[in-house]
Amino acid sequence: MNIDVILEFFYCRASNRIKEKVTESKLTHREIYLRDSKQISWIINNNRTKNNRFLITDAVLENCDDFGEPDGLLAKLPFKNRKEILWGTDDEIECYLPLLFELLWDEVSYQSNPNNIDKELYLCDYIPYAKYSTYRSILFSPNNKYPALLYGIYEDDVINNIDSARDEALAFLYTKCKYKFTNIFIKFAYSTDSFHKINKVFQHTFIEQLFIPMLLQFAPNESSLGLRVRDLIFSDLSKCGELLVERNNIYNSNNFFSQLINASSTYIVSLEKIQSAYLEELKRETT
């Protein structure tokens, strides 16, 4: 896991957020933070040095000047609290949560990850991806001897649709996790009012203790419609090519091949309709 990639997501947004307020305030950097005005410049340019390794120090967040007057970002700029400075308003957070989810997903589901997150298993919960991914595995297997048409599908359909289906599968996962993910992140943001050692804090407190356990709760199981489709294609349709070309196979005389494809395809379409209806209902509930 590259925690720096995740932190850059937050640093960039915090920098832009503060820069906007500095511009609106028309205050000089020295007027905002008398003790060390260079820190304001570093922050609004997203420039991290040995003096502000985590971009925003606790001192510049909230402090007092030499005369005992409130000083720093919270005192001089129109933010309600530290949470708004570091993480944004609740509305802003809701806007960037899908992007954050995708970023976190990529960082915890890489191949051979230690988190028991099987990326392909999760994505195959979504029927279109399960279908195209499974056919791709069959068609491009070194053991495959037959063209796509013998499996009842066009190779171009698989190639042209696999990437969009993968994106939709991740969006499907996010929709399922959205309510829980929103809650755990908002709570984390309200309870974490400092960027000091945020690399360790975010990885341990949020990713390891909250995000990964949440994902494991949504792991597909035996009730997954997408996994049913995957297993159906592997167990039945993957054998169509072999059955069709075999001579003297009793199934050929009864149009077994076409009947099997038609029956399986009808079942898959029915499952897609069920999942589509479920997804629309879920979107309404989480909007």
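Take the residues in the stretch 44-74 that are touching a strand residue (DSSP E or B) at 6+ places or on another chain (Cβ under 8 Å) and farther than 17 Å from I85 by Cα, then tell me which one is most open to solvent (accessible area, probe 1.4 Å). The selected residue is C64. In the set (1) of a type in the set (G, A, S); (2) touching a helix residue (DSSP H, G or I) at 6+ places or on another chain (Cβ under 8 Å); (3) at pLDDT below 95, the condition left unmet by A169 is number (3).
Between S133, S137, the distinction of being among the small types (G, A, S), within 17 Å of S265 (Cα to Cα) and outside any loop (DSSP other than H, G, I, E, B) belongs to S133 only. Counting only residues that are aromatic (F, W, Y) and either under 20 Å from the mean Cα position of the chain (by Cα) or at pLDDT 95 or above (or both), the stretch 211-251 holds 2 of them.
Among residues of the stretch 211-224 that are surrounded by 19 or more Cβ atoms within 10 Å (Cβ to Cβ), those with a Cβ under 9 angstrom from a residue that is part of a helix (DSSP H, G or I) and not hydrophobic (A, V, I, L, M, F, W, C), sequence gap 6+ or separate chain, pair up as L215/Y122; P220/Y122; P220/G226; S224/R230.
I'm checking my understanding of the structure. Among residues of the stretch 88-111 that are among the β-branched types (V, I, T) and touching a Phe, Trp or Tyr at 6+ places or on another chain (Cβ under 8 Å), which one is nearest to F202 (Cα to Cα)? Applying the filter and picking the extreme gives V108. Among the residues of the stretch 12-27 satisfying the criterion of being open to solvent by less than 40 Å² (accessible area, probe 1.4 Å) and of a type in the set (A, V, I, L, M), which is farthest from T57 (Cα to Cα)? Per the criteria, the residue is V22. Reported count of residues in the stretch 120-155, each being within 29 Å of the chain's Cα centre (by Cα) and crowded, with 18+ Cβ neighbours inside 10 Å, is 16.
The values are calculated or read from the model by the stated rules, or taken from the named source; none is laboratory data. These numbers were taken from a predicted model, which means no experiment stands behind them. When we count neighbours, we look across all protein chains shown, and the Cβ atoms used for this are built from the backbone with ideal geometry, even at glycine. Keep in mind that these areas ignore ligands, DNA and RNA; they rest on the heavy atoms of the full protein, side chains included. Shrake-Rupley method; radii C 1.70, N 1.55, O 1.52, S 1.80 Å.
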